[in-house]
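Report on the following structure.
Every read-out reported here was derived from the displayed coordinates using simple, explicitly stated rules and does not represent laboratory data. What you are looking at is a predicted structure, and each value in this text was computed from that prediction instead of being measured. Because the Cβ atoms are built from the backbone with ideal geometry, glycine has one as well, and the counts that use them run over all protein chains shown.
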Amino acid sequence: VTTRPLVTDSEELMPNDLKTEDIVVVASGTFVPPKPKPDDEKDKETVKAS
Amino acid sequence: MAFRLANATKDGMINAFGPLCNSGSVKIYGPASGAATTQPATPETTIVSGTHGSLLVSIPFATTAFTTSSGGAGNIGLNGGAISATVSASGTASWARVFKTDGTTPVFDVDITVNGGGGSMTFDNISFITGGTATINTMSISQPM
């Protein structure tokens with residue numbers, strides 16, 4: 001007959017023990033929009049040509 | 001009696017997780033324009049564009065995706081720093097699925113919100129535009145206890 005120990009150490013009696021939680025994933029990122037095409041420059045060239 | 005993981009167990013669990021992502025990818029999905037998108041019920045759920053949104057960008061992990069946990073930290077982070085890719089379709093980033101290197105086997109799903117919105121993955125701007133660059137600066141996976 002195997003007997004399981006009732007208490008292995010005094011810490012196990014602490015009332016505020018946390019429960020084991022699930023694995024947590026935390027990620028943080030950024031998004032940089034594409035640079036606008038140089039339409040202004042194109043417009044200037046169009047005006048010059050006309 | 002509280003359930004507690006030994007340090008070596010925590011590290012072992014989390015270190016088994018990281019290699020699943022080696023040379024894998026983070027694929028970010030969302031609706032094209034303001035439409036509602038629902039995150040799939042499970043990572044095994046087949047993605048249906050009308051329900052779950054379309055692929056906006058696929059960001060590759062490094063060959064060794066994550067660092068190694070030791071000393072009972074139970075935590076791993078991106079190996080080699082930030083990862084990024086060019087956005088292939090415009091839309092609102094809503095959720096992401098991490099795939100193994102084969103590009104088809106799911107590892108896990110996470111929700112995405114703008115910073116402060118409470119998502120597991122957050123971006124400063126979730127209005128992705130084709131040709132822009134999406135960067136994941138940090139990603140940590142931890143076994144708290």
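The table for this structure:
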| read-out | value |
| --- | --- |
| So B:T133, is it over 25 Å from B:K10 (Cβ atoms), among the β-branched types (V, I, T) and within 14 Å of the chain's Cα centre (by Cα) | no |
| Residue match in the stretch B:18-25 (condition: over 17 Å from B:A65 (Cβ atoms), out of contact with any Gly (no Cβ under 7 Å at 6 or more places or on another chain) and not in a helix (DSSP H, G or I)) | no |
